[in-house]
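What follows is a short report on a single structure.
The values are calculated or read from the model by the stated rules, or taken from the named source; none is laboratory data. Every value quoted in this text rests on a predicted model; they were computed, and no experiment measured them. Note that each Cβ is placed from the backbone with ideal geometry, even for glycine, and that neighbours are counted across all protein chains shown. Just the protein is used for accessible areas: all its heavy atoms, side chains included, with ligands, DNA and RNA removed. Shrake-Rupley method; radii C 1.70, N 1.55, O 1.52, S 1.80 Å.
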Amino acid sequence: MLKIISIAALALAVSSCASVENILNAPDKVQSTPETMTAINAEKGLITMQSNHSVQDTADKLAAIIESKGMKVFARVDHQKNAQGVDLTLRPTQVIMFGNPKAGTPLMNCEQSVAIDLPQKILISEDADKKVWLSYNNPEYLKDRHNIKGCDAQLANIAKAFDGVSKAAIAK
């Protein structure tokens, strides 16, 4: 019996390796989602979108949109400028910290530890290929990270707000 189980395990391992080999060596096909569409990086809990503007213009547009929606921009961090201040280089990278107590307070009442991730933040950065990206924490990631229960409506509202302001900021 042990021999049969060992042979079956070996066969499964070999077939799994063959499947992985086929995937890794498969020729690249058309991207499943265009770069301008939302892509969710599940490992990092980020939602990332490509912007049609520079980092500065995207951040300016985003800040204006956030404020026009009745939210408050608490801080804007220009990491590139800060790096230059200590004689280091960094591609354009800005973070906008913003929020609304009407959205954040109910979430903290569900699970107070989420306060470590508030106020909300959106990163706008330029990659080595001069493409500009806008990224933020997926509300589902925050739900899982903080084991938030009973706040699905609040999380859905936050997700909708993030999606709306982000897409408006990157639009042509």
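Things worth noting here:
- Subset of the stretch 68-80 (residues that are open to solvent by 70 Å² or more (accessible area, probe 1.4 Å) and either over 26 Å from residue 116 (Cβ atoms) or small (Gly, Ala, Ser) (or both)): 68
- Annotation note: of 116, 122, the sole residue that is in a helix (DSSP H, G or I), out of contact with any Asp or Glu (no Cβ under 9 Å at 6 or more places or on another chain) and at pLDDT 95 or above is 116.
- Extreme residue, surrounded by the fewest Cβ atoms within 10 Å (Cβ to Cβ), among residues of the stretch 140-172 that are assigned to a helix (DSSP H, G or I) and polar (S, T, N, Q): 157
- Some residue of the stretch 151-159 being under 14 Å from the mean Cα position of the chain (by Cα) and not small (Gly, Ala, Ser): yes
- Residue in the stretch 20-32 that is more than 20 Å from the chain's Cα centre (by Cα), polar (S, T, N, Q), open to solvent by 60 Å² or more (accessible area, probe 1.4 Å) and at pLDDT below 50 present: yes
- Search result, residues across the stretch 94-123 that are polar (S, T, N, Q), out of contact with any Gly (no Cβ under 8 Å at 6 or more places or on another chain) and surrounded by 18 or more Cβ atoms within 10 Å (Cβ to Cβ): 94
- Residues that are surrounded by 14 or more Cβ atoms within 10 Å (Cβ to Cβ) and touching a helix residue (DSSP H, G or I) at 6+ places or on another chain (Cβ under 9 Å), drawn from the stretch 81-93: 90, 91, 92, 93
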